[in-house]
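Notes follow once the structure below has been shown.
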Amino acid sequence: MRLTVLGCYAATPRTLTNPTSQILEINNHMVLIDCGEGTQVELRRHKIKFSRINHIFISHLHGDHFFGLPGFISTMRLLGREKELHVYGPKGIKEAITLLLKLGDSWTNYPLLFHELSSKESELVFEDAKISVTTIPLDHRIYTNGYLFREKVGKRKLNIATAEEYGIDKAYYQNIKNGKDITLDNGEIIANSELTFDPPKPKSYAFCSDTIYDESLAAKIKDVDVLYHESTFLESEAELATKTKHATAMQAAKVAKVANVKTLVLGHYSTRYKSIELFKEEASTIFENVLLADDGKSFDF
Ligand SMILES: [Zn+2]
Ligand SMILES: [Zn+2]
């Protein structure tokens, strides 16, 4: 699982910082999470092919999380995209994008499919053989969801050395990978567990964009491998955080601790602070494994 941060700063694009946008590569899927201004430029900078993105998940309709989306959709048209593009986001996102396409008389020549969300409960929004995606309802100034991405358990891996020791014909290898036991010519049954290795443990990633500090969030993301939690402010601005329905680095760490996640990634920093290292220092007093998102940074989990 690989996370590439295209932008992770709050509020407005600046000379050296971009608003929220991330690419998550998970079990052969490449999804775009939020699409602030600058997303296209950063995708090009990282040589990420636009055509590999088929699913876009938007947390909420504040500009710093979706003002890059109309441009991205429009560029896909210019690049001659034919494949479906799925956009998940709050109710209203279809109207917003459609109005822009209509005014510019620039309808897409590829199927653009909106999946509008309005539930205040967590819901499954995408699932296939490889991954599932569920919403994480958040408490922000407007309707907002985070997203929880989970890999599905893969197939068991063949233990070729053991299979050869038993003299099992290669023709049965696919059956073994599919979980079947094997009966040898002498009638002996070899259990599948002896002929295979456990598949890798499926990974999970919780993206929690803008949200007020809410410890009940922990129950929804229990034991995930990686939690991205916003930390717009430091604890010295805790009052302002509550007022604007954002969180501090320390609050993000508290959620990570209660949820028992493996790794906490901080982001959505206010640019008022001298260094983002301050966010890590503060969160590390509560939670051990803290990483700092930064524009252009990739993490392999
Ligand atoms: Zn924001
Ligand atoms: Zn917001």
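The values are calculated or read from the model by the stated rules, or taken from the named source; none is laboratory data. Everything quoted here is computed from the prediction, not taken from an experiment. With ideal geometry, Cβ positions are generated from the backbone for all residues, glycine too; neighbour counts draw on all protein chains shown. With ligands, DNA and RNA removed, areas are computed over all heavy atoms of the protein, side chains included. Shrake-Rupley method; radii C 1.70, N 1.55, O 1.52, S 1.80 Å.
Tabulated results
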{"item": "Charge tally in the Cβ shell below 13 Å around Ile286, where Lys, Arg are +1 and Asp, Glu are -1, Ile286 excluded", "result": "-2"}
{"item": "When each of Lys203/Lys257; Lys130/Lys201; Lys94/Lys243; Lys152/Lys257 is checked by Cα-Cα distance, pairs over 21 Å", "result": "Lys94/Lys243; Lys152/Lys257"}
{"item": "Ordering of 282-290, 118-126, 5-13 by packing [mean C-beta count within 10 Å, highest first]", "result": "5-13, 282-290, 118-126"}
{"item": "Nearby aspartates and glutamates by direct alpha-carbon distance to Lys47 (threshold 20 angstrom, same-chain neighbours under 8 apart not counted)", "result": "Glu25, Asp34, Glu37, Asp294, Asp295, Asp300"}
{"item": "Most mobile listed residue (Gly68, Gly36, Gly267) in the chain, GNM with C-alpha springs under 10 Å", "result": "Gly68"}
{"item": "Difference of contour (0.36 nm per residue) and Cα-Cα distance, Glu123 to Lys83", "result": "11.8 nm"}
{"item": "Chain lengthening between Ala171 and Tyr273 when straightened (0.36 nm per residue, less Cα-Cα)", "result": "30.5 nm"}
{"item": "Accessible area of the chain divided out per residue, in Å², using a probe of 1.4 angstrom", "result": "48"}
{"item": "With every protein chain in place, the stretch 157-197: carbon and sulfur % of accessible area (1.4 Å)", "result": "48"}
{"item": "The stretch 157-197 - Debye-derived log10 I(q)/I(0), Cα point model, q = 0.27 Å⁻¹", "result": "-0.91"}
{"item": "Contact order normalised by residue count of the stretch 172-286, Cα under 8 Å, 6+ apart, percent", "result": "23"}
{"item": "Charge dipole (debye, nearest 20) of the stretch 157-197; +1 at Cβ of Lys and Arg, -1 at Cβ of Asp and Glu", "result": "280"}
{"item": "Computed FRET value (nearest 0.05) for Thr162 with Arg52, which takes r as the C-beta separation and R₀ as 35 Å", "result": "0.40"}
{"item": "Length-normalised contact order for the stretch 157-197 - Cα pairs under 8 Å, 6+ apart - percent", "result": "50"}
{"item": "The chain: most fluctuating residue of Val258, Val31, Val41 per GNM, C-alpha cutoff 10 Å", "result": "Val41"}
{"item": "Span per principal axis, largest first, for the Cα atoms of the chain (Å)", "result": "74, 53, 36"}
{"item": "Between the stretch 66-87 and the stretch 207-246, the Cα center-to-center distance that results, in Å", "result": "30"}
